[in-house]
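The values are calculated or read from the model by the stated rules, or taken from the named source; none is laboratory data. A quick note: this is a predicted structure, and the numbers were derived from the prediction, not measured. Quick reminder, even Gly has a Cβ in these numbers, built from the backbone with ideal geometry, and neighbours come from all protein chains shown. When the accessible area is computed, the model is the full protein with side chains, heavy atoms only, and any ligands, DNA or RNA have been set aside. Shrake-Rupley method; radii C 1.70, N 1.55, O 1.52, S 1.80 Å.
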Amino acid sequence: MPGGDDDDSMGAGPAPGKMPVLNGNSLFLFSPTNPFRVKCAEIVSHRYFEYSIIVLIVLSSVNLAIDMPQFEIECIYQHKKDKCDLRDALSLIDKVFVVCFTIEMSLKVIALGAAFHKGAYIRNNWNVLDFLVVVIGFIDWSGLTKNLTFLRPLRTFRALRPIRMASRNEGMKIVVNALFQSIPGIGNVMLVCVLFYVIFGILGVNLLKGQFFYCENHDAGELIAQHRVLPTLAWCKDNNWYGAGWGGPCDTSDWCDCTKNPTTCHQDDKCANLFEITKDWCDKKEHVITWCGKYPCDWMASGNGGSYLPGTIDYSTMGGFNYTMSHGWMNKASNFDNIGNSILTLFEMATLEMWLDVMYDGVDARAIDLQPVRDYNMWMCVFFVLFIVVGGFFVINLFVGVTIDKFNEMKEKQEGNSMFMTEEQKTWVAIQKLISGAKPSRYPQPPEDKGRAAVFKLVVSDGFDVFIMSAIMVNILFMSMNHVDMSKTWILILFVANCLFTSLFACEAALKLYAFGVNEYFKDSWNDFDFVVVIFSIIGILMDVLAKKGLPIISLLRVLRVARIFRLIPKAKGLRTLFQTLLFSLPALVNITLVLGLFFFIFGIMGMNLFGKVKLGENLSRHANFRTFESAIIVLFRMSTGESWNGIMHDTMITRHCMAIIDLNVTNHNTMFTADGDNDKWYSKGDKELGGLSEDQLYDGCVPYHTILPIIYFCIFVIFCAFVMLNLVIAVILDNFQNSSSDDESPVSKDRLSEFVTLWAKFDPYATYYMPASKLQYLIRDLEEPMGVKGLAGKGKAEIQHIIMSVDIPEHDGKIHFLETLHALAGRIAGTVLPQDEEEKIRGRIADRLPSFKANVLPKYTAAHFHAALYVQAAVRGFLARYQMREKLAELDGEIKPPAADDDAASTEPPAPDGAPSA
């Protein structure tokens, strides 16, 4: 939601701790220097005031969640006094919150002004939301929502209160603003959708209008199969024993001819509709069906004006029986009767939810006022499949494209990447961001004790690591062999295997504790993880042995053992990439999850207020309803996955058989009204049984206000939560996965960075961020190219010298810093000149971790100077050593002869001292 004139402000008011700028005369009364206005401004800008409002919003949201429709049912209709007291208390608390929010609004209006100057209260859209919440609170308080029907929906908008939290959390605010900014793009997608839906909708109306009606057996609650109540060709063939002259207007030959050729039969008045279930037949409400053996032989109602088969015959003597069937002419919830229903049905199908049921109904449809017949027109599948391909696969997935496009735009804006930057510059920015998050790791040092040193050598060896990884995989394999109805022998085998593996991992932990020492062992997070798993495994085994019966916590402890599989992540590159993708996605996913949870909360409160009293049906059942907050949240989560969301929507659109008569004097809980739709008798509005009864004597379980309201509610939820928000989660994960996958193409990849960290630890085992400058040559020697020279045959020493002399690594009293070294080596490969603003952003991200910036004094010398000094020092020492050697040789020969300058220049340089390479 854009912020109006104050779009750059933090939220619904001034940033906490920041005094707002006072403009104009507030309410035409208070000037910018008015002491009262200044005091109000100080209050609303104080951080404790903001924290207090956040607490009030949270408590108000909790109050809304507790105020559930189930309490009203239990209080009014089931006479539970405690529920009545709770409802009254919640109503009183809600009024207190309305007063508190009114005070907040009044203080801000006085401080900022109402509307007529820059920075005024109402010019910020977040403040407009707060204002509406307060107004709706007073309307509900006044009782107008009870007396005026058209105002009752306003009470639902109390659920907007929690969205105020988004204006107080910067991460949530960014996501919410991005969602509102994406509305134009979503609107364009919806226009494209509507265009296709109108085309297919008109086609659907012309093909299938009025053809989804069917005759329902009220006792069975399903469509009446025609062959169950009317004669068929099989009946004609098997029942010639009646003879040709049974006395009706159609004899047996006509009968069978009609069945063989229904078209001819329908043109004959005497046999018209004889073998069809039609609307007229179904509107009789009730028929007596007579069965002779395995076929129906009497299908006429007593009120049908006669019977073609004599109803006086006792067919029970022929192995038959009579039964009465009640039925009615019903319509499918999803149909194509008009353009509105057609577009709604197409939208439901586009979400791929229950679209097959609609297609089967279309295939079975025959004509207006005729009972559907299974697989009557298979060619109708073409229409539905074509729409699914166009509307379900292509058009509806434009939402995904819009969401990802908006996400990329938001990401570019957040990262501040300039559109004028080259690809090399963008790559260098990305590498520097990667470097800014790097940290040195600890590298355990071999102990001095020979015994511990031997164990240390064992536990850090690659072979030991491979052995433990293999043991973990075999252990997981054994754990997956647990199943129901295991034999005692198999249970014993699994228990022994569990004990063996636990002992093995306990020995691993003990060996590492002995080799590393306690302090060093627990400084590694993977060691901490292993130790916790081992402890829980041991506790689980002890409880298995000592507990007389199974305890729930034992199952939990067994599940925790599966966590050992995470040990495989650092060893497998593919797993590591996926795990890093998840970790890098977490910050963005947290904000999206918070906003998604906020939407769920708001729609849950709205759902309780709108549909909390609706009669339960097939999909809106005791397992999925809006009568309690927790069930509403579960229903919304289920709908966000697309599971039967349209079935729930159609159940909330009920208009018939949804009114119940309440006897308020009943106190017997066995006969009391339950509103569950099973034990209560239901009526339709306008039934004569409801005449003269007041609202207090009726329970209204019908759709609230109008059938269009559930359509708006459910479609908006599906579009925003199922399409936009969940696709935003997919966009975040895909973006990070793409970054992780394309990292290998980067000059400095995460693998190269990890290699640098590992090698640095050998020279800085305690992760102090510093290593001797004299060791730089060995670090470069062991690094893979292009950062190092490992693998460059025949060019090692010269290339090392070239790299050291070409990079600018500050020297600090004979030491070099981790980040400065990494930055310099990476910059040698991918470094390039950046725009000034980008350079400042990167510097601000990393500056506080660099000693040169902390001290505000750049070192005079670099690692290149240090190594140059080593080279000069080595040359001088070599010269002096040669001079002294010649003097000694001369003394031995008894002849002293100073060395010639040319000889010295042409002499071979002596080996460099320790810590310096040869010149």
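Contour minus end-to-end for Ala506 and Phe529, with contour as 0.36 nm per residue of separation and end-to-end as the Cα-Cα distance? Numbers along the way, then the final one.
Numbers: separation 23, 0.36 × 23 = 8.28 nm, distance 1.25 nm.
Stretched fully, the Ala506-Phe529 segment lengthens by 7.0 nm.
If you rank His706, His867 by how much accessible surface each has, with a 1.4 Å probe, what is the order from largest down?
On the way: His706 110, His867 0 Å².
Reading off the accessible areas and sorting them downward yields His706, His867.
Report the calculated FRET efficiency for Ile54 and Phe637 (r = Cβ-Cβ distance, R0 = 30 Å), to the nearest 0.05. Please report the intermediate quantities before stating the final value.
On the way: r = 26 Å, r/R0 = 0.85.
Given R0 = 30 Å and the Cβ-Cβ separation, E is 0.70.
Quick one: accessible surface of Ser487, probe radius 1.4 Å, all protein chains present, in square angstrom to the nearest 10.
Result for Ser487: roughly 60 Å² accessible.
Tell me whether the range 450-571 comes out rounded, prolate or oblate; compute the Cα gyration tensor, take square roots of the eigenvalues as a ≥ b ≥ c, and use a/c under 1.5 as the rounded threshold. Don't skip to the answer; put the middle values down first.
On the way: a/c = 2.23, a/b = 1.88, b/c = 1.19.
It is prolate, given that a/c is not under 1.5 and a/b is the larger ratio.
Which order do you get for Thr33, Thr403 if you rank them by accessible area with a 1.4 Å probe, largest at the top?
On the way: Thr33 115, Thr403 10 Å².
Putting Thr33, Thr403 in descending order of accessible area: Thr33, Thr403.
Ignoring any ligand, DNA or RNA, what whole percent of the accessible area of the range 450-571 comes from carbon and sulfur when the probe is 1.4 angstrom? Please list the in-between numbers first.
On the way: 5450 of 7490 Å².
Percent of accessible area from carbon and sulfur atoms in the range 450-571: 73.
Working out 0.36 nm times the residue gap between Thr102 and Met378, then minus their Cα-Cα distance, what length gain in nm do you get to one decimal?
Working: separation 276, 0.36 × 276 = 99.36 nm, distance 6.32 nm.
Length gained, Thr102 through Met378: 93.0 nm.
If you add up the charges near Trp141, with Lys and Arg at +1 and Asp and Glu at -1, over every other residue whose beta carbon is less than 10 angstrom from its beta carbon, what do you get? It would help to have the intermediate numbers written out before the result.
Details: positive: Lys95; negative: Asp94, Asp140.
My count for the surroundings of Trp141 gives -1.
Read phi for every residue in the range 98-106 and hand back ³J(HN,Hα) as whole Hz from Karplus 6.51 cos²θ - 1.76 cosθ + 1.60, θ = phi - 60°, with x for Gly and Pro.
Going residue by residue, I get 4, 5, 4, 5, 5, 4, 4, 4, 5 Hz, with x marking Gly and Pro.
Please report the accessible area of Lys888 (heavy atoms, 1.4 Å probe, ligands and nucleic acids excluded) in Å², nearest 10.
Around 130 Å² of this residue is reachable by solvent.
With an 8 Å Cα cut-off and a minimum separation of 6 or more residues, compute the relative contact order for the range 450-571 in percent.
Working: 67 pairs, mean separation 36.8, N = 122.
RCO, the range 450-571: 30 percent.
How much solvent-accessible surface does Lys209 expose, in Å² to the nearest 10, with a 1.4 Å probe and all protein chains in place?
About 90 Å², rounded to the nearest 10.
I'd like the FRET efficiency for Lys439 and Phe522, computed as 1/(1 + (r/R0)^6) with the beta carbon distance as r and R0 of 22 Å, rounded to 0.05. Write out the running numbers ahead of the final one.
On the way: r = 18 Å, r/R0 = 0.82.
It comes out at approximately 0.75.
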